[in-house]
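The values are calculated or read from the model by the stated rules, or taken from the named source; none is laboratory data. Nothing here was measured: the structure is a model prediction, and the numbers come from that model. Because the Cβ atoms are built from the backbone with ideal geometry, glycine has one as well, and the counts that use them run over all protein chains shown.
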Amino acid sequence: MSDYLMTQLVFLMKLIVAGICGAVIGYERKSHLKEAGIRTHMLVAIGSALIMIISKYGFGDISTIEGFSMDPSRIAAQIVTGIGFLGAGMIFVRKQTINGLTTAAGIWATAGIGMAIGTNLYFAGVTATILVFLVQAVLQREFKWLNIPSVKQINIYIDTGADSVNEVREMLEAKLQEDKLDVIKFKAAKKESGVTEIEVYIKAPAGYRMTNLLSLFIDNPNIRMIEV
């Protein structure tokens, strides 16, 4: 077998291995209904491996020219820059909730895995794939056993009126004090059609159910709607 054909087979193997590693990570994300799935992670890994191959082997015909110098790492460095735009598209911020951050980090790690495989670091790439998969799958419960507090949000829509707002606030503060919860933010703003929105952010321990607060307002005729 000619050296040229053998070299092409090695390149092909790199792309296949990178694609498999990306598929493993993408499968875990897809199984949790995340934004990026198998295809996205495969493409990131394969693309990163391909760029590394180009960076390392793509300029052999001109690298021997006298007086010519090049830095092969410059092309590879653009992967890190480019993957940032893709990762940013995975992150969504809604009020106090951030979604997609772990998926974006996984995309970034997948690019690194593809880069490693593209430069013959197979062991490092496969090991990183296993570690990323375990981090995303096994630690999916977000360390609940550590009882880490989180920020909870509740929005209450009531009929506009000073008495109504004060009544709801007093009831809420009494319940939160009873449950030993801290109020991070309390905001009341008038909306259209005579409705006031009360927006409350609470620091709550892991496992705390916001439905515990709903019983306070069930019989209050001034409340139009509650969002938890």
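Laid out as a table, the results:
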| quantity | calculated |
| --- | --- |
| Subset tally (residues that are charged (D, E, K, R), outside any loop (DSSP other than H, G, I, E, B) and in contact (Cβ under 8 Å) with a residue 24 or more places away in the chain) for region 1-48 | 3 |
| Criterion (at pLDDT 90 or above and either over 28 Å from MET13 (Cβ atoms) or in the same structural domain as PHE59 (by TED's automatic domain parsing) (or both)) met by exactly one of PHE123, PHE85 | PHE123 |
| Looking only at region 155-209, and only at residues there that are more than 16 Å from ASP219 (Cα to Cα) and among the β-branched types (Val, Ile, Thr), the one that is modelled with the lowest pLDDT | THR160 |
| Helices (runs of 4 or more DSSP H) contained in region 114-228 and holding at least 3 residues out of contact with any helix residue (DSSP H, G or I) (no Cβ under 9 Å at 6 or more places or on another chain) and of a type in the set (D, E, K, R) | 162-178 |
| Any hit, region 176-186, residues being over 19 Å from ILE158 (Cα atoms), free of Cβ contacts under 8 Å to residues at least 24 places away in the same chain and among the polar types (S, T, N, Q) | yes |
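Yes/no matrix, rows are residues, columns are (1) surrounded by 11 or more Cβ atoms within 10 Å (Cβ to Cβ); (2) under 19 Å from ILE148 (Cα atoms):
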| residue | (1), (2) |
| --- | --- |
| GLU167 | yes, no |
| LEU172 | yes, no |
| VAL183 | yes, yes |
| ALA188 | yes, no |
| GLU192 | no, no |
| GLU199 | yes, no |
| ALA204 | yes, yes |
| MET210 | yes, yes |
